[in-house]
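Q: I'd like to ask some things about the structure below.
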Amino acid sequence: MKNWLFFIFFILTTLLFATAAFAQDEVSSLIKDSASYPPEDQEYLLDRVGELVNELQQKGLATDSIVLKLKEGLHKKVRPYNIVKSLEKKKDSLLEAQAILEEINAPGISDEETLKNIASSIEHSVPTDLVKSALQQNVAKEDKNAIKIVDSLTALIEMGVQPQQAGVIVDQFAQKSNQSKDLNSLTKIIERARLEGIDPQRVASKIEEALGKTNSIAMVEMEVQGFIADIKQKPTVKSGQGVVISSPGITSGGVPGSEGGTSLSPASETPASGSNVPSQEGGSPLE
């Protein structure tokens with residue numbers, strides 16, 4: 001029996017080290033193959049990104065989101081300092097999401113996808129206390145409800161609802177209903193309104209207002225539907241003008257933006273002076 005336990009432990013340890021080595025090798029390969037960066041910038045990135053990947057691995061977290069964001073930054077020829085700053089924010093959000101799940105002690109929702117969605121919400125500046133409160137309310141009822149809370153929070157942000165307001169809505173909902181289908185219904189109302197050219201932020205504000213007045217989700221839906229009907233009857237768009245709907249992560253030119261959190265913009269920020277930071281990241285200016 002002891003031999004079997006030792007064998008299983010050996011296999012798991014081997015797989016862990018193999019995964020860690022693969023992630024580091026992938027990062028190294030991506031950076032070294034980036035011809036847009038001079039050797040000193042590549043060395044800076046290898047050192048700093050390697051540290052971030054190692055920190056996540058020590059906490060038992062997947063590093064694929066870090067690697068994906070690194071690819072994005074390198075492809076856009078973003079200055080090394082700004083790449084590292086963006087990756088640090090991604091790492092911090094993942095660690096904070098892990099801490100939240102550990103604190104509320106909900107094994108049923110501690111899957112990797114849920115953790116990533118919570119981290120994304122944190123990156124978008126949803127207050128941590130709102131995320132934690134909404135999850136705690138629903139974990140006490142059912143793990144599936146808690147997962148729905150996280151999914152809906154992500155959906156609201158992606159539709160264009162301000163992160164702070166999205167957090168307030170799901171937190172208020174969590175206090176008033178134990179039915180995940182109710183929150184799904186409210187989310188769909190915003191989505192339909194958005195597709196009809198109505199600013200999702202206006203609808204979200206009305207939902208927040210209605211949730212503050214009643215504990216009845218049915219009454220909230222009725223009030224919001226009436227609000228949308230009034231908007232349709234009184235269009236604010238002048239003749240000849242189109243309706244512009246914002247879509248997070250997409251620029252006016254139709255080019256996808258960053259994955260979330262800190263923007264990976266080539267000219268977004270310049271680094272502070274320091275001996276360990278290249279004086280001219282990314283080689284020649286990347287305008």
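Q: Say we look at the stretch 210-222 and pick out the residues that are part of a helix (DSSP H, G or I) and surrounded by fewer than 18 Cβ atoms within 10 Å (Cβ to Cβ); which of these is modelled with the lowest pLDDT?
A: Here the residue is Ala218.
Q: Scanning for something at pLDDT 85 or above, outside the structural domain of Leu68 (by the TED database) and among the acidic types (Asp, Glu), does the stretch 136-149 turn up at least one residue?
A: no
Q: Take the conditions closer than 16 Å to Leu156 by Cβ, not in a helix (DSSP H, G or I) and not basic (Lys, Arg) and apply them to Ile207. Does it pass?
A: No: the conditions fail for Ile207.
Q: Could you say whether any residue in the stretch 186-193 is touching a Ser or Thr at 6+ places or on another chain (Cβ under 9 Å) and either within 23 Å of Asp111 (Cα to Cα) or not assigned by the TED database to the domain that holds Leu101 (or both)?
A: yes
Q: Within the stretch 74-104, work out how many residues are open to solvent by 40 Å² or more (accessible area, probe 1.4 Å), within 30 Å of Ala146 (Cβ to Cβ) and free of Cβ contacts under 8 Å to residues at least 60 places away in the same chain.
A: Residues meeting the conditions: 6.
Q: Okay, moving on. Can you pull out the residues in the stretch 188-205 that are crowded, with 21+ Cβ neighbours inside 10 Å and over 23 Å from the mean Cα position of the chain (by Cα)?
A: Answer for the stretch 188-205, where residues must be crowded, with 21+ Cβ neighbours inside 10 Å and over 23 Å from the mean Cα position of the chain (by Cα): just Ala193.
The values are calculated or read from the model by the stated rules, or taken from the named source; none is laboratory data. Small disclaimer: the values here were computed from a predicted structure and weren't measured. Here Cβ is always computed from backbone atoms with ideal geometry, including for glycine, and neighbour counts include all displayed protein chains. Protein only, heavy atoms only, side chains kept; ligands, DNA and RNA dropped before computing areas. Shrake-Rupley method; radii C 1.70, N 1.55, O 1.52, S 1.80 Å.
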